[in-house]
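Here is the structure we will look at, set down as structure tokens.
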């Protein structure tokens with residue numbers, strides 16, 4: 001179901017190729033400290049060296065943000081940039097002035113690769129978007145009112161794992177030009193695949209995918225999906241999105 005993601009050939013002493021069938025950016029946040037780790041790899045959060053080939057793109061086009069959601073009446077979301085640096089095979093950073101006792105935060109990032117035409121992909125723009133719901137309070141609504149007034153909705157995924165069920169809500173689908181159903185895949189920390197499921201939503205902006213799981217431990221879970229959208233050049237803009245969250249075998253939402 002999955003098409004190829006991205007492949008880059010870089011000549012050093014030998015040719016090193018990143019396979020195009022699954023490399024994504026994965027964002028993981030430490031709930032206790034607010035420290036952030038981003039990997040670019042095939043398996044969720046598992047280093048495989050591929051990020052080194054994107055180092056130039058990362059230095060020029062990579063960004064991380066923390067968006068604090070307003071928890072009180074009249075409070076609005078605020079978004080601040082996060083300082084980061086490339087360390088070995090990881091991108092690391094930390095949320096400034098992080099308070100784990102009162103925060104309700106969405107951490108997000110993006111890398112705009114630009115035009116891409118290789119390995120069966122020919123698009124005007126290739127974009128990576130990655131999110132973490134690990135610091136999101138269950139009492140804080142995810143809905144952001146400003147999105148209702150945007151002609152092109154943001155493409156992102158919400159993720160919740162609780163009581164043997166994992167649910168993902170994919171936003172920003174109303175303008176997708178994909179003809180076949182989209183597929184979303186779920187993973188646990190360490191890269192093990194939990195399940196994949198087709199989702200269809202053309203008329204509405206969002207679609208929901210739910211799966212059952214036999215996970216019996218508290219862990220980190222991930223989801224990934226991609227979709228193609230219109231572009232001025234006519235070839236389309238392909239967007240890849242991942243999200244992470246904390247799975248709790250016994251919880252209430």
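Each value in this text was obtained by applying a stated rule to the coordinates, not by laboratory testing. What you see is a predicted model, and the numbers here were worked out from it, not measured in a lab. Cβ: placed from backbone, ideal geometry, glycine included. Neighbour counts: every protein chain shown.
Things to note:
- Among 171, 129, the order by Cβ neighbours within 10 angstrom, fewest to most, reads 171, 129.
- Cα→Cβ-extended label distance, 7 Å offset, between residue 37 and residue 78, nm: 3.0 nm
- FRET efficiency for the residue 208 to residue 250 pair, using the beta carbon distance and R₀ = 25 Å, is estimated at 0.65.
- By average C-beta atoms within 10 angstrom, highest first, the peptides 193-200, 153-160: 153-160, 193-200
- Share, in percent, of DSSP beta bridges within region 20-248 that are antiparallel, nearest 5: 90 percent
- Span from the region 43-65 Cα centroid across to the region 191-227 one, whole angstrom: 23 Å
- Taking all Cα pairs closer than 8 Å and separated by 6 or more residues, the relative contact order of region 20-248 comes to 20 percent.
- Cut-off 14 Å, label 7 Å out along Cα→Cβ of residue 215, residues of region 174-207 by amide N: 185-196
- Modelled spin-label separation between residue 85 and residue 193, with each label point placed 7 Å from Cα along the Cα-to-Cβ direction: 3.8 nm.
- The mean of 1/r over all pairs of different alpha-carbon atoms in region 20-248, once inverted, gives a Kirkwood hydrodynamic radius of 18.1 Å.
- Residue 99-residue 48 FRET efficiency (beta carbon distance; Förster radius 35 Å; 0.05 resolution): 0.55
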